[in-house]
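Some notes on the structure that comes next.
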């Protein structure tokens with residue numbers, strides 16, 4: 001009997017795949033637990049339509065992430081922080097402050113957990129920063145820390 005897996009089943013495959021299993025296994029175990037549905041022609045057509053929609057959404061998300069990466073790489077992010085006379089900061093510049101500066105300057109929301117700073121920023125100057133935007137796209141930009 002051909003069934004469409006609704007969720008991952010370890011020995012059979014991943015969700016959305018069409019597999020051939022024994023009738024008893026399908027009727028007595030997979031279907032009652034909601035792990036699979038019978039693979040009729042309509043269900044297979046619906047599955048293909050869902051796969052096409054998913055790939056289209058992923059392509060749109062990748063294009064959006066790429067355009068955001070180009071925007072972030074073309075700009076320099078300014079972060080103002082309190083500092084002493086010798087250029088040392090009172091504290092450090094955090095990824096949350098960088099995310100707030102991006103939101104204020106570019107009107108773009110970036111998750112602070114996706115901002116990677118190679119070192120703690122403890123003095124005035126320019127520092128390289130990487131921002132993971134998903135879809136394996138990383139934007140490399142510069143954060144300039146100025147005195148407040």
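The values are calculated or read from the model by the stated rules, or taken from the named source; none is laboratory data. Just so we're clear, the structure is a prediction, and the values are computed from it rather than from any experiment. Virtual Cβ from ideal backbone geometry, glycine too; neighbours counted across all protein chains shown.
Values computed for the structure shown
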read-out: Residues located in region 37-63, provided they are surrounded by 14 or more Cβ atoms within 10 Å (Cβ to Cβ) and either in contact (Cβ under 8 Å) with a residue 40 or more places away in the chain or assigned to a helix (DSSP H, G or I) (or both); value: 43, 47, 61, 62
read-out: Filtered residues of region 109-135 (kept if assigned to a strand (DSSP E or B) and farther than 18 Å from residue 80 by Cα); value: 116, 130, 131, 132, 133, 134
read-out: Flag if residue 102 is over 19 Å from residue 83 (Cβ atoms) and either assigned to a helix (DSSP H, G or I) or not assigned by TED's automatic domain parsing to the domain that holds residue 84 (or both); value: yes
read-out: Residue in region 51-61 that is in contact with a strand residue (DSSP E or B) (Cβ under 8 Å, 6 or more places away or on another chain) and within 15 Å of residue 133 (Cα to Cα) present; value: yes
read-out: Verdict on residue 110 being surrounded by 19 or more Cβ atoms within 10 Å (Cβ to Cβ) and either out of contact with any strand residue (DSSP E or B) (no Cβ under 7 Å at 6 or more places or on another chain) or farther than 15 Å from residue 127 by Cα (or both); value: yes
read-out: Test: residue in region 129-145 that is over 15 Å from residue 76 (Cα atoms), in contact with a helix residue (DSSP H, G or I) (Cβ under 7 Å, 6 or more places away or on another chain) and without any contact (Cβ under 8 Å) to a residue 24 or more places away in the chain; value: yes
read-out: Lone unmet requirement of (1) within 11 Å of residue 4 (Cα to Cα); (2) surrounded by 11 or more Cβ atoms within 10 Å (Cβ to Cβ) for residue 34; value: (2)
read-out: Matching entry among 24, 16 (being outside any strand (DSSP E or B) and in contact with a helix residue (DSSP H, G or I) (Cβ under 7 Å, 6 or more places away or on another chain)); value: 16
read-out: Test result for residue 66, over 21 Å from the mean Cα position of the chain (by Cα), over 30 Å from residue 124 (Cβ atoms) and either part of a helix (DSSP H, G or I) or not assigned by TED's automatic domain parsing to the domain that holds residue 142 (or both); value: no
read-out: Meets criteria (in contact with a strand residue (DSSP E or B) (Cβ under 7 Å, 6 or more places away or on another chain), over 20 Å from residue 140 (Cβ atoms) and surrounded by 14 or more Cβ atoms within 10 Å (Cβ to Cβ)) for residue 69; value: no
